[in-house]
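Following this message is one structure expressed as structure tokens.
The values are calculated or read from the model by the stated rules, or taken from the named source; none is laboratory data. Keep in mind it's a predicted model, so treat the numbers as computed, not measured. Every residue, glycine as well, gets a Cβ built from its backbone with ideal geometry; the counts of neighbours run over all protein chains shown. Areas reflect the complete protein model, heavy atoms only, side chains present, ligands, DNA and RNA absent. Shrake-Rupley method; radii C 1.70, N 1.55, O 1.52, S 1.80 Å.
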Amino acid sequence: MVVAKETIKTIWIKVLSTIENTINDPAIFDTYLSGLQLMSLDKNTATITTPDEVTKAIIESKYVNLLSKTLYDITETTYSIKLCTEDDYDKSVVEDVKEETPFFIHSSLKENLTFDNFIVGKSNEEAYKSAFFICDDKSNLFNPLFIYSKSGLGKTHLLNAIGNAYLANNPRKKVLYITAEDFVDEYVKFTSSKEKQKNSLKDFFRNVDLLLLDDIQFFADKQKTCEMFFYVFNTLINADKQIVITSDRSPDELQGFEERLVTRFSSGLAVSIKPLELDTLVEILRLKITTNKYDSSLFSDDVLYYLAGKFGKNVRELEGALSRICFFNILKKNVGPITMDIVHEAFDEKDEKVKKKSLTPEKVISVTASYYSLAPSQITSSVRKYQICLARQIVIYICSTCLSMTCTEIGKAVNRDHSTVTTTVQKVQNMLSTDPQVKKAVDSIKKILKL
């Protein structure tokens, strides 16, 4: 199994450090060993280059066993040592490139997408836990792991996090992260090639220990591609190799796939990522602010919750909104706090202040109370009867999403605290997609308010 270059570098640093301490002779180490380079770990063979033929001969006669033992101590794998000069190695690499057919040469993991910087909330907790579990699981209990959600909710981040964590635990394993489009392009490229090359594509997947496939819905109605993937899927599963697949819909909602493939997607564990909660979105914003080396203290909670409420349909949109504000703030040469006025100006929301003045929270409370045959005072009271609570929640939601009021301002209007306002907005957002009566009420009230 071929080991990744970054892993090889890490291993070789440890090997040289161990050898330097073992022989306890700086002159010998500096003259003969410090210039060695570990080029590859492939099929239990460690290829090491020497600066010249003289060094090669000395290493072969005195230090091969030490190199092999140290490699074993660090990797827990027995490697035979293959020595060659740097010139000879360079020539062999050129020849290998000419002979080998490259597959997925542009596909790689994004090292910055890890579990450490994946923000976990109720909406994605199940997907996170199952993804984290398989990284060092030897039983392949959840195989395949099928993660589905709408675009921009963190599926790709989780795939890369799985790959990075898996490699950290299993540095000698082969991990392949590809998109469905990568697979289609590679398959189309080689279907017109010789039969030998087609077989080589199949052979390539036999050597994969962890397959991470993003956005499999793009396979829809591509019969030949699906047939090839059916073969790949069965080959890996039968060899106890882990597969993780993402999609924008659940396995049973996939269209344009043969039943035999869909049933295999459902044979492991299918988990969803639901729309992210406001609190989770705000934590993502805080992380992005810190990652981009901005001072997070310049962003008030009101600004963060406003951005999360307005641009929180997916993480990509949220990141774009944050980037726009940061860029606008630089143009304004503002060194102080980023206020709601700056946010409105950044998005050219010149009518927001006018709207807030012409449409007050009192007006929203009055119209909502009338819709539910209540008195406005009941909405701002502490009464917790269902209909009054629902009316109060709708007022909070409309003030937040349509009037661009801050959580503090809304809290004062309905006599509630900051945290109640933030959780209420999220709750109503969820109800709009599950409760037709709530959606009808919100639409009707907004129509009366001419929103």
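Computed over the Cα atoms of region 353-445, what is the convex hull's projected area averaged over all directions, in nm²?
Averaged projected area of region 353-445's Cα convex hull equals 5.4 nm².
Would region 267-423 count as rounded, prolate or oblate if I go by the C-alpha gyration tensor, calling it rounded below 1.5 in a/c and otherwise prolate when a/b exceeds b/c, oblate otherwise?
Here region 267-423 falls in the oblate category.
Further question: With the calculation restricted to Cα positions, what are the radius of gyration and Dmax of the chain in angstrom?
29.3, 96
Just check region 138-261 against the gyration tensor rule for me: Cα atoms, a ≥ b ≥ c as the square roots of the eigenvalues, rounded for a/c under 1.5, and otherwise prolate or oblate depending on whether a/b exceeds b/c.
Cα axes put region 138-261 in the oblate bin.
With a 1.4 Å probe and every protein chain kept in, tell me what percent of the accessible surface of the chain is carbon plus sulfur.
Within the chain, the accessible surface is 50 percent carbon and sulfur.
Near S323, within a Cβ-to-Cβ distance under 12 Å, what is the net charge of the other residues, with Lys and Arg +1 and Asp and Glu -1?
+1
To continue, here is another question. To the nearest 0.05, what FRET efficiency results for T18 and N65 with a Förster distance of 22 Å applied to their C-beta separation?
Rounded to the nearest 0.05, the efficiency is 0.95.
Quickly estimate the mean residue ellipticity at 222 nm for the chain, helices only: each DSSP H run with n ≥ 4 gives -39500 (n - 2.57), and the total goes over all residues, rounded to 500.
Helix contribution divided over all residues of the chain: -17500 deg cm²/dmol.
Which log10 I(q)/I(0) values does region 109-169 give at q = 0.17, 0.22, 0.24 Å⁻¹ under the Debye formula, counting every alpha carbon as one identical point scatterer?
-0.53, -0.89, -1.06
Please determine, in degrees from 0 to 90 and to the nearest 10, the orientation of helix 125-134 with respect to the longest principal axis defined by the Cα atoms of the chain, where the helix direction is its Cα long axis.
10 degrees
Roughly how many whole Å is it from the C-alpha centroid of region 410-451 to that of region 115-176?
Each part reduced to its Cα centre gives a spacing of 34 Å.
Hey, another quick one. What base-10 log of the normalised intensity I(q)/I(0) is obtained for region 247-347 from the Debye formula, alpha carbons as equal point scatterers, at q = 0.13, 0.16 Å⁻¹?
Evaluating at q = 0.13, 0.16 Å⁻¹ gives log10 I(q)/I(0) of -0.56, -0.69.
Further, regarding this structure: Angle, helix 64-75 long axis vs. longest principal axis of the chain, Cα atoms, 0 to 90°, nearest 10?
Compared with the principal axis, the helix lies near 20 degrees.
Let me ask something else. Amide H to amide H under 5 Å from A270: which residues, 5+ apart in sequence or cross-chain, H placed 1.01 Å off N in plane?
F146
How far is helix 5-23 tilted, in degrees, relative to the longest principal axis of the Cα atoms in the chain, given as a value from 0 to 90 rounded to the nearest 10?
Once rounded, one gets 50 degrees.
What is the dipole size for the chain, taken about its Cα centre, with +1 at each Lys and Arg Cβ and -1 at each Asp and Glu Cβ, in debye to the nearest 20?
My answer is approximately 2300 debye.
Also: What percent antiparallel are the DSSP beta bridges of the chain, to the nearest 5?
15 percent
Three principal axis extents, largest first, for the C-alpha atoms of region 134-189, in Å?
33, 28, 19
Excluding ligands, DNA and RNA, what is the solvent-accessible area per residue of the chain at a probe of 1.4 Å, expressed in Å²?
In whole numbers, the chain has 53 Å² accessible per residue.
What FRET efficiency comes out for the pair E86/L141, r = Cβ-Cβ distance, R0 = 30 Å, nearest 0.05?
0.05
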